[in-house]
Amino acid sequence: MSLFWSIYVGVLIAGNLGLATFLYFYGTRVKIPIEGDGTTGHSWDNGKLRESVRKLPRWWALMSLASLVAAIGYLVLFPGFGNFKGVLGWTSAQEVRQAREENANKLDALFARYRLYSVDRLSEDDVALQYGHRLFQDNCAACHGAMAEGGYGFPALTVNGDDGDFVMATALNGRNGVMPPWGAVLGEQGVSEVANYVLSLSGSPHDAARAQAGAARFKETCVACHGADGKGSKAVGAPDLTDRSWIYGGDLASVTQSIRHGRNGIMPAWKNRLGEDQVRMIAAWLRHHTLRERPPQAAPVAAAP
Ligand code: HEC
Ligand code: HEC
């Protein structure tokens, strides 16, 4: 507050309190003329009503005095009187800081118990799962869906959610998935062929002849990131193209679009926002959830003796 406004506020407060104090003492002293019949002599409603004189009740007078004293006391102790900071030195910012510190200490004590555990071990702890689920809903669900099922532009986390280390690393550091645009490199026909090949990898509807032609191009241009078998690379964030889980849609038009113009998904880093303890809880919940969601794997066929 500038000096001008500080003085302005100070004058207003002093004026108000001064006036209230003056009225308080003046009011008890002022003499009201009283007629012989105990009224002021004023009459209302053609003389049917006469104005009588009553003293203020004692409790009312005491209460007024108490609030005056409280107001002045408050202005001495706390900030309020212009720029005067109050003799206690209290600030709301400091109170918030203190409350946050207390909260952090409380949480720290809580998380300390879990710090030694791996994500795998935590994913079997009911309390940790509850925290993890809540933290996921608060921080991740907006993009990845309430049950990590993903959405357009945001991968389903149930694909790799069982890999605790991977989830931790990705969530803490964030990730920028760079899928380069291939339209100019491959030309329209090349894009179409390779798109059909991509669709064939997951057994999605495709044109077999084009897919066959696309296989060679895929080996030339795509394997570096998506792998020779198309199963992707967690390290560069290249998705598995052989499953039916798509980030940007699995129909021919969407896949063509992905290849022609490229994609650039940005996953924010949570290291400084949530910290490792909380991200570990989320990873634990995600692992638990992923294992539960996944259809049970077919038992390996026993080799013939
Ligand atoms: C602002 C939206 C957004 C939020 C919020 C968000 N993510 Fe992501 N996340 C993304 C995008 C986009 C990608 C894909 C990035 C890429 O392609 O490299 C991604 C990728 C991931 C992946 C890699 C998935 C895979 O299988 O490759 C993981 C794991 C992940 N996020 C976890 C989380 C967790 C845990 C949280 C909450 C703490 C979170 N995300 C919050 C947008 C978000
Ligand atoms: C430099 C590494 C890299 C190369 C090379 C690359 N991709 Fe990708 N691709 C990615 C990444 C990373 C993503 C995920 C982008 C995102 O999440 O935004 C992706 C996404 C895709 C998608 C979208 C998948 C979905 O779930 O929606 C398709 C389709 C695709 N790539 C096909 C190809 C094809 C075909 C080629 C070769 C012509 C190719 N990519 C080459 C890294 C690469």
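No lab work stands behind these numbers, since they all come straight from the coordinates. Note that the structure is a prediction, hence the values are computed from the model and not measured. For neighbour counting, all protein chains shown are included, and Cβ atoms are generated from backbone atoms with ideal geometry for every residue, glycine included.
Structural remarks
- Counted by Cβ distance under 9 Å from Leu122, the other residues give a net charge of 0, where Lys and Arg count +1 and Asp and Glu count -1.
- With Cα atoms, 0 to 90° folded angle of helix 252-261 axis to the chain main axis: 80 degrees
- Dipole of the chain, positive end: most advanced residue of Leu241, Leu56, Gly38 [Cβ charges, Cα centre]: Gly38
- In degrees, nearest ten, helix 208-221 long axis to first principal axis of the chain (Cα): 70 degrees
- Residue-count net charge about Leu199 - beta-carbon cut-off 10 Å; Lys, Arg +1, Asp, Glu -1: -1
- Relative contact order (percent, whole number), the range 1-95, Cα cutoff 8 Å, 6+ residue spacing: 28 percent
- Candidate lysines for bridging to Lys55, where Cα separation is under 20 Å - those fewer than 8 sequence places away on the same chain excluded: Lys31
- Value of relative contact order over the chain, rounded to a whole percent, pairs C-alpha under 8 Å and six or more apart: 20 percent
- Mean Cβ neighbour count within 10 Å, used as a protection proxy, ranking 54-62, 151-159, 175-183 highest first: 151-159, 175-183, 54-62
- Along its three principal directions, the equivalent ellipsoid of the chain from the Cα gyration tensor extends over semi-axes of 76, 25, 21 Å, largest first.
- Whole-Å distance, taken between Cα centres, linking the range 39-65 and the range 175-196: 92 Å
- Under a model in which nothing but the beta-carbon of Lys, Arg (+1) and Asp, Glu (-1) is charged, the chain shows a dipole of about 1180 debye around its Cα centre.
- Spatially proximal lysines relative to Lys231 (Cα-Cα < 21 Å; intrachain offsets below 8 disregarded): Lys219
- Net charge over other residues, Cβ less than 13 angstrom from the Cβ of Val236 (K, R count +1; D, E count -1): +3
- Normalised by the number of residues in the range 63-115, the average gap of Cα pairs under 8 Å and 6 or more apart makes the relative contact order 18 percent.
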